[in-house]
Every structure is written in C-alpha cells, then in structure tokens.
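Just so it is clear, none of the values below were taken in a lab; they were calculated from the coordinates. Worth saying up front: this structure is predicted, and the values here are computed from it rather than measured. In this analysis, Cβ positions are derived from the backbone assuming ideal geometry, glycine residues included, and neighbour counts consider all displayed protein chains.
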Amino acid sequence: MDASDEVMEAARRIGAVFGGLPQVLRFRAAVDADADGETPDEVSIAVGDGCPGPGYASYATLDMSRFPTNVTTDDGRPIRTELVTVGRADYRALADVLAQCAFAVASGSFHLTPNCIIPNAIREVDPERTMKHLLLVVPFIWPDLEILVDTEESVDTWLQAVPISDSELEFSSANGTDQLFRRLEAAGADVSDIDRASVL
C-alpha cells in the first residue's frame with residue numbers, strides 16, 4: 001500500500017468516527033526537506049463538517065503517526081500519535097494549525113504524551129486569536145479514539161488538541177497540565193471556540 005492509499009484508508013477510519021467520509025486536505029511544508037530529509041514534503045488533514053453536530057467541524061491528522069514521538073511503551077515499542085480537534089464550522093484555520101503541528105512533530109523535538117503542550121501552535125498560524133497554544137489530552141469528545149492500532153511493532157494513539165490561552169499556559173507551567181485540564185473542565189470551557197474567554 002503506497003502513501004496515498006494509506007492516507008485514504010486513514011480517512012475512511014476517521015470518517016467512521018466523524019459520521020461520513022471527510023474532506024482530505026494536503027499541506028506542503030513551508031521549507032524544503034533538511035539535509036537529512038527529515039522534514040516531510042506534505043501532511044494530510046481530514047475535515048469532517050457537521051461533527052460533532054451542526055455548526056461544528058472536526059479535524060484530524062491522517063499521516064502524522066509516521067513521525068517519531070520520542071515515547072515508547074514499557075516493553076520498548078514506539079508510540080505513534082495522530083491529533084484530532086474540534087472547532088466552529090466557520091473557523092477553517094484549525095486544519096492549518098494541525099498541519100503545522102505535524103510538521104513540528106516531524107522535527108523530532110517533541111515528546112508527545114497526554115497532557116503535553118505544543119506552544120504557539122495557534123499563534124504561528126493565526127496570531128489574532130485569543131487561544132495561542134494546544135494542550136494535548138486523551139480524547140474526550142471521541143473516547144473510542146484513544147488506541148488506533150496496537151501491534152507487536154508499535155502502538156498508534158490519538159490525542160485531542162485543546163486550544164489554550166497565554167494565561168492558561170502560564171498556569172500549567174506553575175501547577176501542571178493536569179490541574180489546568182481540571183480548571184477547564186470545572187469552568188465548562190467551550191474547547192471549540194478559538195476566541196473563548198480564558199478560564200484564568
């Protein structure tokens with residue numbers, strides 16, 4: 001199966017979760033591959049309109065799991081990760097945000113685990129938005145996505161990207177991301193609103 005077939009198969013899998021075959025967008029890297037060839041030319045993002053309901057759209061990486069996360073299972077198998085997030089239907093830049101995250105992960109500079117933060121993930125794409133960063137958590141809108149594939153060679157997982165503000169990032173630095181997530185939950189933060197009020 002070539003890369004294009006793998007992307008379409010991934011789109012079919014996430015389509016079953018989104019409730020219909022998503023649109024697939026391909027993003028080209030802003031720079032050419034580095035000397036070691038580690039920066040990918042292209043990444044693919046699925047867009048599911050009307051998910052999880054009218055007025056919303058869901059987004060997912062389709063081929064980020066080919067990049068290293070610098071994390072392994074207890075028995076030494078590499079853990080690969082795909083990202084999923086939700087936004088308002090009229091805010092399409094989340095596809096660009098996830099694509100930029102995938103290119104950043106491809107650089108090998110992140111340890112992708114639940115409750116890690118990708119700083120400036122939104123700011124780099126759309127600096128005018130209230131939310132600036134992404135907190136990665138175990139999916140709570142799509143709980144069936146926690147484990148994608150578990151084989152003898154690797155474990156592929158999903159993490160949900162939750163937009164957070166500068167002050168929320170500062171709080172997590174001082175108190176930990178678990179505490180931040182609890183504050184978001186307690187406040188009933190609308191994680192689909194890229195311009196929601198900060199809970200801190």
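Shown here are the Rg and Dmax of the Cα trace of region 3-187, at 15.8, 47 Å. The charge dipole of region 3-187, taken about its Cα centre with unit charges on the Cβ atoms of Lys, Arg (+1), Asp and Glu (-1) only, comes to about 640 debye. The slack in the chain from residue 170 to residue 23, taken as 0.36 nm per residue of separation less the alpha-carbon distance, amounts to 49.4 nm.
Packing order of peptides 111-118, 82-89, 2-9, highest average first: 82-89, 111-118, 2-9 (average count of other Cβ atoms within 10 Å over each peptide's residues).
Annotation for residue 198 and residue 150: the two label points, set 7 Å from Cα along the Cα-Cβ direction, are 3.9 nm apart.
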